[in-house]
Amino acid sequence: MSNSVENLYGARFGGGMRSWRWYLSRVMRLFLRWFRLCLRRGHRKRPNRVRDLWNYGTVLMKSLYYNVLTNSDTVLDCVFEPIYWLVDNMTRWFGVVFVSLVIALTSSIVIIVYLCVLPIIFSTYPVHWILWHLCYGHWNLLMLVYHYYKAITTCPGFPPQEKSDIPTVTICKKCIVPKPARTHHCSICNRCILKMDHHCPWLNNCVGHFNHRYFFSFCLFMTMGCIYCSISAKDMFLDAYNAIESSYQTPPPSFTREERMLHKSLVYLWVLTSSVSVALGSLTLWHAVLITRAETSVERHINHRERTRLKLRGKMFRNPYHHGMLNNWRRFFGVEKRSDWLTRVLLPSAHLPHEDGLTWDCPPYRNNTVVI
């Protein structure tokens, strides 16, 4: 009876040699259970924490940037904004380099013409051809220099920044000011430009309402001058090229230093003027087509999209600024009477454009057309 009571007492109160093992196993079981509970709680809390952070960030981004106009184009603009910024700043700084390059190359051609081409013309050409080259060459040079200077220094035109009664079509999302019709924002100039055509790095200036005529006239007279030089110096170029090729013969012909410089200068003149004639001539022809249609480079893309959109609806797009091919050229050059073709187109003229760039005269159309 006493033994059974002692065994029951020892088993109940952990007496004897097994007490420390019992406590150790008990502690280990509690530790393992606590560790498993921690792991389960961690797995349950981590996804909730990440989800909470994601939802908070989404709400924050939408509250700062989202609006009803947000679309894929806006997102792409935001993503590529650093690249646009880099290109715009490089174009702004390299504009000075491009202008200097135009002046240097044009000056080199003029120097070669005076030092190399004109002496040959004076010694070999008849009198009437000499007078032709002197008159046409200097007139072309005068028109080229004048229009390039005016295209660089003339302000393209900016819309008013203060509140006015001028009719507007939209609000510039960068300037946050009303934009009149045909006005667009230039990211390089960081301003809205009246009747913006494009930003020309060779001018280091925007081509807009008040200097568009100067820009096109410069391109036209530069192309005409390059074609004139390449045609006039064609025979001289062939002779100089053959002379340079003959220097590789054995024995080489005996040319003086001045003759070798003359040959290289004539080759340089013909290659440069011919290349510029093709490249700049193509650009001039493209702008002539746009002027005939009363469009700018920016409006060309906009009107093409509108024309495609309306065509799918069975409607026809009509350019509201198109007054007819001849009238478009008259309005572009500011010609009001026949004598203006001489005084305002074939001679240097600083007259203002036909309109102010804020409002435009739109010709009436028939009712079966759609005007945008």
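The values are calculated or read from the model by the stated rules, or taken from the named source; none is laboratory data. None of these values were measured; they are calculated from a predicted model. So basically every Cβ, Gly included, is an ideal-geometry build from the backbone, and we count neighbours across all protein chains shown. Calculation scope for accessible area: heavy atoms of the full protein, side chains included, ligands and nucleic acids excluded. Shrake-Rupley method; radii C 1.70, N 1.55, O 1.52, S 1.80 Å.
Remarks
- Modelled spin labels at CYS78 and SER275, positioned 7 Å past Cα toward Cβ, are 4.4 nm from each other.
- Ranking THR308, THR359, LEU346 by Cα position along the charge dipole of the stretch 231-367, where only Lys, Arg, Asp and Glu carry charges on their C-beta atoms, puts THR308 farthest toward the positive end.
- Portion, in percent, of the accessible area of the stretch 225-305 that falls on carbon or sulfur, probe 1.4 Å: 64 percent
- Alpha-carbon centroid distance for the pair the stretch 248-293 / the stretch 305-323, whole angstrom: 43 Å
- Between the amide H of CYS186 and those of ARG191, CYS192, ILE193, distances stay under 5 Å, these residues lying 5 or more places away or on another chain, with hydrogens modeled in the peptide plane.
- From phi via Karplus (6.51, -1.76, 1.60), per-residue ³J(HN,Hα) for the stretch 338-349 in Hz, x at Gly/Pro: 4, 5, 5, 4, 7, 7, 10, 10, 8, 10, x, 8
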